[in-house]
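Below: one structure, written as structure tokens.
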Amino acid sequence: MSCRKWQIQIYRLHEGELDRESEAALLQHLGTCASCRADAERFSQIDRVLQRVPEPSMPPFLAERIVTRVIEQIREDSAQSTLRRFFGSFAYFRPAVAGTILILGIGLGVLTGLNLSPSINTRSAGSSYDVLTLAGIEGGGSDSSLDFIWTDADGGGR
Amino acid sequence: MARQATMNAQSDEDLIQALGNGDENALRVLVDRHSAAIYRFSIRFTGDESLAQDIAQEVFLRLYRHARRFVPGTLFKTWLFTIVRNTSIDLARSYTYRKAYSLDEYSQEPERTPPLDADPDPEERYLSEESAHRVAQAVQSLPEKQRTAVILRYYEGLSAREIAGIMRSTVASVESLLVRAKRSLLKLLEL
Ligand SMILES: [Zn+2]
């Protein structure tokens, strides 16, 4: 076994995971190899140094921030799944619902069209009537109602 | 309150299933139990407080989203730290302010920590707060796999077998990672 391979055994020895036979073999090697002995010491040293780093403490607000954010997500998902369930219950009727909406739409369109036609006619008739009113011929309709124009222009009656 | 007290007695496995069903009390108990360890891992992993807070929050969001995928009988701690590790990697990568840490840089030769003043006992040099900070920095500068293994083994007290489960690796690979990490740290800290 090369000295590099012994390093895994040194690690296992420090972890207390070496069986008795392997431990005896390692200790025998450490007795004869200064390099591995130095490694064993340095590995213990790094273990101690790592353990001396103080434990980082969590900011006091963080737990509440996490809870708030996740609850927000839970409620959002819950609202969405309620909506999905509601609309999902119409799934089987979807073609029927679409058909009904289409027929209603067409029906409404036809009715609106019928309603609009007379109102357009009335408005056009009214507007022409209004022109006549402005011309001062209200109540007229026959050619005779325009007689006054000629009468005034000629300065006398017919 | 009484409901939360009952929840406190429940196992993590039961709580995670309740969380999957949107149970807010289960969430509170899980946050009480695990947020500190998650934060500890992420701050040691990234060295950035703000990023570590975001990681801790994202971990709980992922726990909630993946809760229904938790297989009963699976070790909760292994499952939890798998999510913690993946979230730390994802968020550290996506963060634009990659300060002292960079996952890409980790694959290269780690940055050397400047040696401290000469002292007859090199171990003693690391007792001060500043020295502790340097040790933490040295850990953060390890390649991702070594860093994860060191944090989980020496700070969270997980066994090599548990770490292998989290990293989807073998016990022998984890042991090898830890030995390489120790050698790197010895070099970085000039011990
Ligand atoms: Zn040797």
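Data overview
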| quantity | calculated |
| --- | --- |
| Some residue of the stretch A:38-55 being more than 16 Å from the ligand (Cβ to nearest atom), facing chain B (nearest Cβ under 10 Å) and over 16 Å from B:Lys182 (Cα atoms) | yes |
| Test: A:Ser78 is within 7 Å of chain B (Cβ to nearest Cβ), away from the ligand (no atom under 16 Å from the Cβ) and among the hydroxyl-bearing types (Ser, Thr, Tyr) | yes |
| Matching residues, the stretch A:1-30, being near the ligand (Cβ under 9 Å from one of its atoms), exposed (fewer than 13 other Cβ atoms within 10 Å of the Cβ) and more than 13 Å from chain B (Cβ to nearest Cβ) | A:Met1, A:Ser2 |
| Enumeration of residues in the stretch B:176-191 that are at the interface with chain A (Cβ under 7 Å from one of its Cβ atoms) and farther than 18 Å from B:Ser131 by Cα | B:Ser176, B:Leu178, B:Val179 |
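Values in this text are rule-based calculations from the coordinates and carry no lab data. The structure presented is a predicted model; accordingly, all values stated were derived computationally and were not measured. Glycine also receives a Cβ, built like all others from the backbone with ideal geometry; neighbour counts cover every protein chain displayed.
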